[in-house]
Structures are given as C-alpha cells and as structure tokens.
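Before any comments, here is the structure.
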Amino acid sequence: MKAQIETIQKHVEKQKQRFEQEHFWDRFLSHDPTLWTSDSSQHAEIRNRLGWFSLLPKMKEHLSELKAFGKDVAAEGFKHVVLLGMGGSSLCPDVLQTTFGSSESHPTLIVLDSTDPEKILEVQEILSLEKTLFIVASKSGGTIEVQSLFRHFFNLLPKGQNFVAITDSGTVLEKQAQEHEFRKTFINPSDIGGRYSALSLFGLVPAAAIGMDLDRWLDSAIQYANNPQTAIDLGIILGEAAKAGKDKLTLLLSPELSSLGAWIEQLVAESTGKDGKGIVPIDLEPLDPGTHFSDDRVFCKISLANAPHGELDETAQRIEAQRHPILKRELKDIYDLSGEFFHWELATAVAGFVLEINPFDQPNVQESKTLTGEILKEFEEGKDLSSETEVTDHELTAFFKNVGEGDYIGLLAYLPQNERTFRHLQDLRNMLLDHFECATTLGFGPRFLHSTGQLHKGGKKNGVFLQITADKENDLSIPEVRYSFGKLQQAQAEGDLRALKKHGRRALRIHLSNSSSEELQSLKRRIEKSLK
C-alpha cells in the first residue's frame, strides 16, 4: 500500500505541473469548457453551469430582500417551514436545519424530498397547516416529485400566502406562483446547476427563514473563494486517487457536521460518475473498532474546532494505523460550512478535469426520469405495475457471490426515510461491511436518484445494488393525475431497476410486505443466512 500511495503522490505532483502548463486557473476564470471536454456540443451547457463561482457578490445584493423575508416569516408566527425539493434544492437546506437549528421566534425547517406516502403522512401529521409556510424549490420548475408534493399540499391548503417559490426564470413553477398568488417568488440565476446551488437563493432563502446570520454566512464563503488553492489540491488528489483505484471517498465527520456528508455525496457522485469513471462517496458508514478496510479507499476527516470528537479521532487513528490515506479538514466554527460548500464545489470541478469528464451534466438522471414517465404512462393506460416476484434463498446467495475486489454494495431503499428504517438498514450495512470488507452505501428512493443515481448507472461497473421495496399500508392520491404517491414511487423504483440492468449493473430487487421493523429484521436474517 505504501508504494501505491507514493505513486499517487508522484501523479499528483505531475498533475500540478500540468495545471500550470495548461493555464488551468486562467481558463477556468474565463469559463473555458475545453478544460473538461473537446466535444463542442457540450460547451454551451458547461459555460451556462459555471455561475456558482462568481455568485457570492450577486448574492450580497439580495441580502436586504432576504433579511426582510426572514423577519416577515418570524413575524407571521409560522411554526414550520416545509421545503418541497429534490437533490440540489433540498440537501443544503437539510444541512442548515440540522446544523444550525432555528433562531428564536423563527420556524423549524422540515425538508420533504420523498414520494413515499408514509413519509409524507408522517410529516403532515406534525403540521398545523395554517401555521406552515411551504417553500417549493425546483430549478427546472417541473420536477415530478416537487410538482406532486406541491399539488398535494396546495389541495389541502389552497392559500397562496402560505407558499413561496424558488426557481429559474420562465419555468412552470414561476407561472404557478403567479397564478396562485404565492407570498413570494425568488428567481435564481440560471447559470448554476442544482448541485452547485448551495450558496445561491436555493440555500439562502431557507437560511433566512430559520434566522441565520446571512452576512456572516456569505463572508465566510467569500474568504474561502479568495483562497482557492487548497480546494484545487483536494480535487487533484481525489482525481488521481480514483484513477489509481482508490475511488471510495469515505467521509469521517464530526457529529455536529453529520448532515454535510449527504450534500458532498450528491455533489461528488453526480458530478464524477459518468463515462465509466467516478468517485464513490461513502457517507455515514457504520465503522466499528474492528473494521478492516479494503485498499480502494481514501478517507476525508472533517471536524469542528473546539468541539469534542474523541471517537472521530480514534477512528482516524485506526485508519492511519492501517496505512490508508486520510485527508483532514477543520472548520473554525459552523459558519465555515459556507466556505466548505464552496471548497467542495471547486474541488469537484477540478477532479472532473483530472478524470477528463464533464462534471456539470447528469445524463443518466434524465434517463431514469424518462423511464419513470414511460412506466407511469403504462399505468395510466390501465397496465398493472405490480410485478413483484419472490426472491429465493438460492438467488440471494448467488447475487452476493457477485461481490468482488474493488466493488461496493449499494442499498437502494424505496422505504419511508425515518430513524427506525435508517437504523435497521445501517445494521445491514454493518453486517455486509464485516463480511465483505468492502465499502457500502445507503440511499433512500427517490432521493438518491437525484444524487448517487447518476454514479450507479454512469460510473464504473463496480457497484452491486440491492433494491428494497415494500407494500404501502397507506397511500395518497395526487391531484390532477391518475396515479398516487405509492404508484409514483413504485414507478421510480421500476425505472431505476430497468436503467441499472440496461447498463449491465448487478442489481436485485427484494420486495417486502411492509416496512416494519419485523420485516427489516427478517430481511437481515435472510441475507445473513445467504452469506454463510
């Protein structure tokens, strides 16, 4: 392993020389798309996705408007703000609420990025609708999950003053906001891709709603933007490590920063997972003291200064003792998270240059959306979507025999995302990690379709995917369409599976009668038996 790390270091130094020789920074500042591809058909899109780098001064101009919005939300006495969004529209707000919480007199933010009817009902039950502000967030404005959630909640509460929109100019969502007399519509700059939008209005509007110090937030990001070299170095290291076979970026986070991993996961996976290449982010993996890691890992420890993180330090020491490469970053305080967002955005763009891929598109995300649409059309034409077949113990055993060196196991759970379900699936991850000593991931559908889904289909063929679905004890209709949330999620799962198999991925679906603890424990026992 020592020789491998020394080889990576040599390639990193050569890559730094290449950056100087090819004038990377000057070309980056001039939005030169040929840094990432010679395909002229992609150049216009790349140029129209680099607005995030020069975004911060523009956002400063919105501060008075954002602060007034935040004060208005507090003065209205809203108890909850529910953000309806997916992917880049939802992951940053989730980090903000989890990390900062809500300031005094400001509402609690709930991020709803699921089509699971049981999850929607779970959120709905804690709301006083009249005292809830809904933020409908979608760059394109037509995202099927966001549109479905908006129709559902507007049907329950048809009052425009309880709704706010964040979108690009000219979208169907902007038109809906006008027609339904939303409280406010925020138009985001259109030259920013969703996963690079954390420091745009998609992040700042929810930040204002929960009462964050927006001046301090943006100033911290500006400091990072003025010192880009460490981000460039990180991107080079991650790219070269992936080329050398260390493509599993395992995140080790302070408890206070735990939700940051899901945001990094989307940014890195969706940006780099294409053309048979990619960096596989490993988030929230359960790491016991006796865990042994395969040689395809690079670790990144992100800690918060002046906060107790003894367990995190002990984990890092064990990893170093196994002679795995570990990168370390420390934030002075939680407001440095804005700088960390910028840092990872730039590092990911640099990694794309090293890997020679376009980090600003997501072709396989659209593919899954298209397949979902086709399946829903079949349903609306009267065709039955329920084609679940029992997976035999023999099939399960044969499936896991597919796991080999350099692989990772992905659990794709089309189940309600809550603490109980998460705990059971983490137990399953732990068992698989101990048995195979390979990296594991966990994604809840359809959330991960806007995140790691691109990597699953477009990256290296080193993923082994177990899709888990379940019958719904309760379902919800969706206004204006002929399918329910349960049918929508079912179609998304089927579309995902078809796309995986179309690209030759190793994938198996197990369908449960429900998502209860008993069913999940039974699943774990079945898998445990199949591994013997």
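The values are calculated or read from the model by the stated rules, or taken from the named source; none is laboratory data. Computed from a prediction, not measured in an experiment: that's the story for all the values here. All Cβ positions, even for glycine, are placed from backbone atoms using ideal geometry, and neighbour counts span all protein chains on display. What goes into the accessible areas is simple: the full protein's heavy atoms, side chains included, and nothing from ligands, DNA or RNA. Shrake-Rupley method; radii C 1.70, N 1.55, O 1.52, S 1.80 Å.
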Quiz item: Asp475 is checked against (1) open to solvent by 30 Å² or more (accessible area, probe 1.4 Å); (2) assigned to a helix (DSSP H, G or I); (3) in contact with a Phe, Trp or Tyr (Cβ under 7 Å, 6 or more places away or on another chain) and fails just one. What number does that condition carry?
Solution: (2)
Practice problem: Give Phe186, Phe182 a once-over and let me know the one that is open to solvent by less than 10 Å² (accessible area, probe 1.4 Å), touching a helix residue (DSSP H, G or I) at 6+ places or on another chain (Cβ under 6 Å) and not small (Gly, Ala, Ser). | Solution: Phe186
Exercise. Can you tell me which residue among Ser190, Ser169 is outside any helix (DSSP H, G or I), closer than 25 Å to Leu449 by Cα and free of Cβ contacts under 8 Å to residues at least 24 places away in the same chain?
Key: Ser169
Quiz item: Among the residues of the range 453-465, is any among the aliphatic types (A, V, I, L, M), in a helix (DSSP H, G or I), modelled with pLDDT of 95 or more and buried (at least 22 other Cβ atoms within 10 Å of the Cβ)?
Solution: yes
Quiz item: Regarding Glu145, is this residue assigned to a helix (DSSP H, G or I), more than 22 Å from Ser368 (Cβ to Cβ) and among the charged types (D, E, K, R)?
Solution: no
Exercise. Evaluate the following for Lys246: is it part of a loop (DSSP other than H, G, I, E, B), among the basic types (Lys, Arg) and on the phi < 0 side of the Ramachandran plot?
Key: yes
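Yes/no matrix, rows are residues, columns are (1) closer than 30 Å to Leu327 by Cβ; (2) under 21 Å from the mean Cα position of the chain (by Cα):
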{"site": "Gln178", "(1), (2)": "no, no"}
{"site": "Arg183", "(1), (2)": "no, no"}
{"site": "Ser190", "(1), (2)": "no, yes"}
{"site": "Arg195", "(1), (2)": "yes, yes"}
{"site": "Phe202", "(1), (2)": "yes, yes"}
{"site": "Ile210", "(1), (2)": "no, no"}
{"site": "Ile232", "(1), (2)": "yes, no"}
Exercise. Considering each of Asn402, Asn364, Asn358 in turn, give the residue that is open to solvent by 70 Å² or more (accessible area, probe 1.4 Å) and either assigned to a loop (DSSP other than H, G, I, E, B) or not aliphatic (A, V, I, L, M) (or both).
Key: Asn402
Quiz item: Any residue in the range 483-493 that is free of Cβ contacts under 8 Å to residues at least 60 places away in the same chain, farther than 15 Å from Ser114 by Cα and outside any helix (DSSP H, G or I)?
Solution: no
Self-check item: Residues (open to solvent by 10 Å² or more (accessible area, probe 1.4 Å), aliphatic (A, V, I, L, M) and in a helix (DSSP H, G or I)) located in the range 427-452
Solution: Met431, Leu449
